[in-house]
Amino acid sequence: MRDPWGLNERMFGFYYPVLMGLSERAGHSETRRELLAGARGRTCEIGAGNGYNLPHYTDAVSELIVTEPSPHMRRHLRGKLAASPPPVGSWELTEADAENLPFPDESFDTVVGTYVHCTIPSPVRALAEIHRVLRPGGRYLFIEHVRGADGSLIGALQDALEVPHRYFAAGCYPNRRTERILRDSPLNVERVEHSTLPLGMLTVRPIIIGTASRD
């Protein structure tokens with residue numbers, strides 16, 4: 001659910017970095033570091049938000065293309081990139097939607113997405129785009145919050161709060177079954193770890209961490 005004046009996106013751009021910062025300091029930063037140690041070569045990060053992944057890239061990344069569709073989040077990104085550039089060969093920030101990546105086929109060794117598929121209008125199309133731009137053997141590294149297990153209290157809560165959550169979180173579905181969507185995509189899911197977001201709100205506490213590849 002989006003607001004025609006963009007007020008929810010502006011609010012989200014303000015408070016999301018604060019809320020996520022609590023989780024980062026409670027240990028989630030290490031989860032990002034471990035995942036992004038696997039990024040190699042030419043890398044694209046989709047929906048980079050306010051840039052919590054940036055410090056965790058390594059010099060194994062020869063070129064980093066950072067995409068973000070929201071102008072409010074791009075302001076955070078520009079500030080972070082200017083103040084503390086990621087330790088990669090080169091980087092570039094561009095405006096792009098995950099469903100329409102402006103890159104040629106088979107142009108990346110790695111694609112990264114963290115907490116993005118909850119807000120993408122068509123996650124199926126976005127995963128098809130990720131598959132398209134990955135080179136054969138390339139890898140998709142992801143962290144996503146997901147719906148709780150069927151029959152669980154948290155799953156029922158996520159369903160009940162879906163509409164207000166979507167408004168106040170700029171279109172984020174708290175109950176999206178992202179693991180199922182990933183497994184149904186053209187990507188080959190290699191690893192999925194179920195975990196919880198430290199100090200995260202109940203609606204986004206169940207998360208998955210993993211990797212997928214293009215054959």
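Of all residues in segment 173-193 being of a type in the set (Val, Ile, Thr) and touching a residue at least 60 places away in the same chain (Cβ under 8 Å), which is surrounded by the fewest Cβ atoms within 10 Å (Cβ to Cβ)? Spell out the reasoning first.
Of segment 173-193, the ones of a type in the set (Val, Ile, Thr) are 178, 181, 189, 192.
Narrowing further to those that are touching a residue at least 60 places away in the same chain (Cβ under 8 Å): 178, 181.
Working: Thr178: 21, Ile181: 16.
For segment 173-193, the residue satisfying everything is Ile181.
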Residues of segment 153-167 satisfying the condition of being modelled with pLDDT under 95 and either exposed (fewer than 14 other Cβ atoms within 10 Å of the Cβ) or of a type in the set (Gly, Ala, Ser) (or both): Val163, Pro164
Selection count where residues are in a strand (DSSP E or B), of a type outside the set (Gly, Ala, Ser) and more than 15 Å from the chain's Cα centre (by Cα), scope segment 42-63: 3
Filter result for Ser23 (surrounded by fewer than 17 Cβ atoms within 10 Å (Cβ to Cβ) and among the hydroxyl-bearing types (Ser, Thr, Tyr)): no
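Being of a type in the set (A, V, I, L, M), part of a loop (DSSP other than H, G, I, E, B) and out of contact with any Phe, Trp or Tyr (no Cβ under 7 Å at 6 or more places or on another chain) is the requirement here; does Leu199 meet it? Step through it out loud before you land on a result.
Numbers: of a type in the set (A, V, I, L, M): yes; part of a loop (DSSP other than H, G, I, E, B): yes; out of contact with any Phe, Trp or Tyr (no Cβ under 7 Å at 6 or more places or on another chain): yes.
Criteria met by Leu199.
Restricting to segment 64-108, and then to whatever is aromatic (Phe, Trp, Tyr) and in a strand (DSSP E or B), can you tell me which residue is farthest from Ile130 (Cα to Cα)?
Of all residues in segment 64-108, those aromatic (Phe, Trp, Tyr) come to 91, 103, 108.
Restricting the remaining residues to those that are in a strand (DSSP E or B) gives 91, 108.
Values: Trp91: 19, Phe108: 9 Å.
Here the answer is Trp91.
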Selection from segment 90-113 of residues that are in contact with a helix residue (DSSP H, G or I) (Cβ under 8 Å, 6 or more places away or on another chain), of a type in the set (Ser, Thr, Tyr) and crowded, with 24+ Cβ neighbours inside 10 Å: none
Residue among Arg125, Arg78 that alone is over 14 Å from the mean Cα position of the chain (by Cα), surrounded by fewer than 23 Cβ atoms within 10 Å (Cβ to Cβ) and modelled with pLDDT under 95: Arg78
The lone exception for Leu64 - which of (1) farther than 20 Å from Arg33 by Cα; (2) crowded, with 23+ Cβ neighbours inside 10 Å it fails: (1)
Among (1) out of contact with any His (no Cβ under 8 Å at 6 or more places or on another chain); (2) surrounded by fewer than 21 Cβ atoms within 10 Å (Cβ to Cβ); (3) under 23 Å from Cys44 (Cβ atoms); (4) in contact (Cβ under 8 Å) with a residue 40 or more places away in the chain - the single one Leu134 does not satisfy: (2)
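The values are calculated or read from the model by the stated rules, or taken from the named source; none is laboratory data. This structure is a prediction, so every number in the text was calculated from the model and none was measured. Positions of Cβ are backbone-derived with ideal geometry, glycine not excepted, and every protein chain shown enters the neighbour counts.
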